[in-house]
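Trainee: Let me begin by handing over the structure; questions about it come next.
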Amino acid sequence: MYGFRDYVVAGGLLSYGIDLPDVYRQLGLYVGRVLKGAKPAELPVQQLIKFEFAINLKTAKVLGITLSDNLLALADEVIE
């Protein structure tokens, strides 16, 4: 189990974690607000709300693991 989908693309079994492009987008918005004069201490704290769940079926097959259809349906990405 990994925190980033890139590990699953490289051969890991499962990942559940943040969506990095979304994090960078939010970071850019914060930087933009600071550059426009906002005080960092006055900016609201934001919590990430977008997460990705990825499964690599090739790795599951090599490991001899059978994943349920319900689990596969929950995945944002299934790599075959």
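Trainee: Can you run down the residue pairs with Cβ atoms below 7 Å, 6 or more apart or on separate chains, where the first is in region 21-47 and farther than 22 Å from Arg5 by Cβ and the partner is among the aromatic types (Phe, Trp, Tyr) and modelled with pLDDT of 90 or more?
Mentor: Sorted first by the residue in region 21-47, then by its partner, the pairs are Leu43/Tyr30.
Yes/no matrix, rows are residues, columns are (1) of a type in the set (S, T, N, Q); (2) at pLDDT below 95; (3) closer than 23 Å to Glu80 by Cα:
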residue	(1), (2), (3)
Arg5	no, yes, yes
Ala10	no, no, yes
Leu14	no, no, yes
Leu29	no, yes, no
Lys39	no, yes, no
Phe53	no, no, yes
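Trainee: Applying the selection to region 7-27, what residues are open to solvent by less than 40 Å² (accessible area, probe 1.4 Å) and part of a strand (DSSP E or B)?
Mentor: Leu14, Ser15, Gly17
Trainee: When the residues of region 28-80 are filtered to those that are assigned to a helix (DSSP H, G or I) and among the β-branched types (Val, Ile, Thr), which remaining residue is nearest to the chain's Cα centre (by Cα)?
Mentor: Initial filter on region 28-80 (assigned to a helix (DSSP H, G or I)): 28-35, 40-42, 57-63, 69-74.
Those left that are additionally among the β-branched types (Val, Ile, Thr): 31, 34, 59, 62.
Values: Val31: 22, Val34: 26, Thr59: 19, Val62: 24 Å.
Selected residue: Thr59.
Trainee: Further question on the same structure: For Ala41, only one of the following conditions fails: (1) open to solvent by 60 Å² or more (accessible area, probe 1.4 Å); (2) in contact with a Gly (Cβ under 8 Å, 6 or more places away or on another chain). What is its number?
Mentor: Only one criterion in (1) open to solvent by 60 Å² or more (accessible area, probe 1.4 Å); (2) in contact with a Gly (Cβ under 8 Å, 6 or more places away or on another chain) is unmet by Ala41, namely (2).
The values are calculated or read from the model by the stated rules, or taken from the named source; none is laboratory data. Please read all numbers here as calculations on a predicted model, not as lab measurements. Cβ: placed from backbone, ideal geometry, glycine included. Neighbour counts: every protein chain shown. Please note that ligands, DNA and RNA were not included when accessible areas were found on the heavy atoms of the full protein model with its side chains. Shrake-Rupley method; radii C 1.70, N 1.55, O 1.52, S 1.80 Å.
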